[in-house]
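Trainee: Please find one structure pasted underneath; my questions will follow.
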Amino acid sequence: MHDIQNKQDIKLFVDAFYAAAKKDPLLGPIFNEAIKEEEWSIHVERIYSFWNTVLFKEPDYLGNPFRHHANLPIYEMHFSKWLALLKEVIDHNFAGEKADEVVFRAHKMSEMFQLKLAAMRSKPNSRPIL
């Protein structure tokens, strides 16, 4: 097995992850409700760019990932499943520093998103944390 080396490798793990997530009984309904079928190609292109920027410092992604998740009905169980599926896909396809970085950064994103969501939900009439 080789490490994640480029955007083609990113596409491989992103596509494999979403193929599993869309079928997952917990995550599938969230993704399928939030992203219309005709918008999936746009979504995955954005995710390829996101990971390309995160892993390789390529100026490929501009945006605020949290903003797209702020109003979704996602909780700790969803994040746990998301992390487990992502780790499974990474471990099945890659080994190395960048592969480990994907899992590490995903854990950090999960923690940050959950903290922001909890803060927003505890004060629903306040300005959103974006």
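The values are calculated or read from the model by the stated rules, or taken from the named source; none is laboratory data. As the structure is a computational prediction, the values presented were derived from the model and not from experiment. Using ideal geometry, Cβ is built from the backbone for each residue, glycine included, and neighbour counts are taken over all protein chains shown. Side chains included, ligands, DNA and RNA excluded: accessible areas come from the protein's heavy atoms. Shrake-Rupley method; radii C 1.70, N 1.55, O 1.52, S 1.80 Å.
Yes or no, residue by residue, for (1) open to solvent by less than 70 Å² (accessible area, probe 1.4 Å); (2) in contact with a Phe, Trp or Tyr (Cβ under 8 Å, 6 or more places away or on another chain); (3) of a type outside the set (Gly, Ala, Ser); (4) at pLDDT 95 or above:
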| site | (1), (2), (3), (4) |
| --- | --- |
| ILE4 | yes, yes, yes, yes |
| LYS7 | yes, yes, yes, yes |
| PHE13 | yes, yes, yes, yes |
| TYR18 | yes, yes, yes, yes |
| LYS23 | no, no, yes, yes |
| ILE30 | yes, no, yes, yes |
| GLU37 | no, no, yes, no |
| VAL44 | yes, yes, yes, yes |
| ASN52 | yes, yes, yes, yes |
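Trainee: Moving on. Taking region 62-107, which residues are of a type in the set (A, V, I, L, M, F, W, C), over 21 Å from LEU26 (Cβ atoms) and in a loop (DSSP other than H, G, I, E, B)?
Mentor: Correct list: LEU62, PHE94, ALA95.
Trainee: With respect to HIS69, is the statement that it is open to solvent by 50 Å² or more (accessible area, probe 1.4 Å) and touching a residue at least 12 places away in the same chain (Cβ under 8 Å) true?
Mentor: On the way: open to solvent by 50 Å² or more (accessible area, probe 1.4 Å): yes; touching a residue at least 12 places away in the same chain (Cβ under 8 Å): yes.
Criteria met by HIS69.
Residue by residue, here is whether (1) closer than 19 Å to LEU115 by Cα; (2) of a type in the set (Asp, Glu) holds:
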{"position": "ALA20", "(1), (2)": "no, no"}
{"position": "ALA34", "(1), (2)": "no, no"}
{"position": "VAL44", "(1), (2)": "no, no"}
{"position": "SER49", "(1), (2)": "no, no"}
{"position": "LEU72", "(1), (2)": "yes, no"}
{"position": "TYR75", "(1), (2)": "yes, no"}
{"position": "GLU88", "(1), (2)": "no, yes"}
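Trainee: If you check TYR48 against the conditions, is it open to solvent by less than 30 Å² (accessible area, probe 1.4 Å) and either of a type outside the set (A, V, I, L, M, F, W, C) or closer than 30 Å to LYS123 by Cβ (or both)?
Mentor: Details: open to solvent by less than 30 Å² (accessible area, probe 1.4 Å): yes; either of a type outside the set (A, V, I, L, M, F, W, C) or closer than 30 Å to LYS123 by Cβ (or both): yes.
Against the criterion (open to solvent by less than 30 Å² (accessible area, probe 1.4 Å) and either of a type outside the set (A, V, I, L, M, F, W, C) or closer than 30 Å to LYS123 by Cβ (or both)), TYR48 qualifies.
Trainee: Additional query: Just to be sure I understand the filter: pairs with C-beta atoms under 7 Å, separated by 6 or more residues or on different chains, first member in region 1-30 and touching a residue at least 60 places away in the same chain (Cβ under 8 Å) and more than 19 Å from ALA95 (Cβ to Cβ), second member assigned to a helix (DSSP H, G or I) and among the aromatic types (Phe, Trp, Tyr). Which pairs pass?
Mentor: Qualifying pairs under 7 Å: ALA21/PHE31.
Trainee: Anything in region 12-53 that is in contact with an Asp or Glu (Cβ under 8 Å, 6 or more places away or on another chain) and either on the phi > 0 side of the Ramachandran plot or of a type in the set (Val, Ile, Thr) (or both)? List them, or say none.
Mentor: Answer for region 12-53, where residues must be in contact with an Asp or Glu (Cβ under 8 Å, 6 or more places away or on another chain) and either on the phi > 0 side of the Ramachandran plot or of a type in the set (Val, Ile, Thr) (or both): VAL44, THR53.
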